[in-house]
Amino acid sequence: MAVPDPQVVRLFINHGAGGFEDVTLSAGLTNSTSLPMGMQIGDINNDGFLDILLGNGGPPGGQPDNLYINMFEPQTGPFFVEQSRMMDYPAPEEPNANPPYPSYPYRGHGTFFGDVDNDGDLDLLVGNGGPYSIRPDVKPYPWCQAGVGCCASFSGCRPNVEPNRLFRNDGGNTKNWLSIKLIGVVSNRNAIGARVKVTSSIKGSNIRTQFKVIQGGSGFNSNNPFDVHIGLWDDDTIHAIEVTWPSGLTQSFTGVGINQRIVIKEGDPSIQWSVVSGQWSVVSGFSLSTVHWSLPVEGRAR
Ligand SMILES: [Ca+2]
Ligand SMILES: [Ca+2]
Ligand SMILES: [Ca+2]
């Protein structure tokens, strides 16, 4: 893949033997201010189409993090609508910074989609960080030059003062979902590399299939939970779940209901149900922000 500008986000569609197609422009990912370090994909509105979270912590900072909602259309493919304003939170005060602290000081590094309050929708975590200069003779990287002070080693720099942010999703749990925890036995316990295929429909009509692969890392210093979160939108019937383990074993399951967490153990033909209390608690050291958002377009094609 030839990438003309490594600092511009690009989306490539995999055509298998036909190679990769750059669909960045047609997909609407044209925000030139995106300088992401963190990148995650997850279905934040449970519609079955993956959305994108970018933590724009690339030096020198100053860009808001980006959340893109996928408004997929069958004829044209993915198209992303930016909903970044939900993460537009106030700057910390640092009046002596030189150069001045950027207007969007939170420099997103690691990012995360995960259902931290176990209510069926994905929440967001952004880890912020990076040193910055408070003296004119000390340069923030990446402009550190020979003979010039550099943030990594001089007292003129402050360490990260940007708290990590945890956004609870209070607007995305009205649609159906399924969460699957895989436990490897012959394969690795977290089932990294496992492929999950879920077929669902609305009372037998409009059958669709979703694929997920459990990843061991994504973006800068981060990863989503190993649980497989499937957004089902209005689908009320799950026809089949197929798991292909890294060991090569394939298992199929039917008769699984919606809006629940299940546990599948490699080689075990039964499904376990994961019981959670739904109790919410704030993890120490994180600031909690509440997310309010709505779909930018009512209704959609499947
Ligand atoms: Ca989505
Ligand atoms: Ca949640
Ligand atoms: Ca929620």
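Things worth noting here:
- Couplings for the range 112-129, taken from phi via the Karplus curve 6.51 cos²θ - 1.76 cosθ + 1.60 with θ = phi - 60°, read 7, 10, x, 8, 6, 10, 6, 10, x, 10, 7, 9, 10, 10, 10, x, 9, x Hz in order; Gly and Pro are left as x.
- Sorted on the mean count of surrounding Cβ atoms within 10 Å across their residues, most packed first, peptides 49-55, 37-43 read 49-55, 37-43.
- Taking label points 7 Å from Cα along the Cα-to-Cβ direction, LEU25 and THR174 give a separation of 3.6 nm.
- A simple count of charges around ALA27, restricted to other residues whose Cβ falls under 15 Å of its Cβ and scoring Lys, Arg +1 and Asp, Glu -1, yields -4.
- As a rough guide to protection, the peptides 214-220, 117-123 ranked by mean Cβ packing within 10 Å, highest first, stand as 117-123, 214-220.
- 3J(HN,Hα) couplings calculated from phi for the range 195-208 with the Karplus curve 6.51 cos²θ - 1.76 cosθ + 1.60 (θ = phi - 60°) are, in sequence order, 10, 10, 10, 10, 10, 9, 7, 9, 6, x, 9, 6, 5, 9 Hz; Gly and Pro show x.
- What the phi angles of the range 39-55 give under the Karplus curve with 6.51, -1.76 and 1.60, with θ = phi - 60°, is a coupling list of 9, 9, 10, x, 9, 6, 10, 6, 9, x, 10, 6, 9, 10, 10, 10, x Hz, glycine and proline written as x.
- Remark on GLY129: its backbone amide H falls under 5 Å from those of ARG107, HIS109, a criterion applied only to residues 5 or more positions apart or on other chains, H modelled at 1.01 Å from N.
- Summing +1 for each Lys or Arg and -1 for each Asp or Glu among the other residues whose beta-carbon sits under 13 angstrom from that of THR111 gives -1.
- Residues whose placed amide H lies under 5 Å from that of ALA240, excluding near-sequence neighbours: THR199
- Neighbour net charge for VAL185 - beta-carbon separation under 11 angstrom, K R +1, D E -1: 0
- For GLY219, the amide hydrogen comes within under 5 Å of the amide hydrogens of MET39, counting only partners 5 or more places away or on other chains and with H modelled in the peptide plane.
- Once the C-beta distance of SER252 and SER32 is scaled by a Förster radius of 30 Å, the resulting FRET efficiency is 0.10 to the nearest 0.05.
Every number in this text was worked out from the coordinates using simple rules, so none of it is lab data. Keep in mind the model is a prediction, meaning the values are calculated, not measured. No Cβ is skipped: glycine too gets one built from the backbone with ideal geometry, and neighbour counts run over all protein chains shown.
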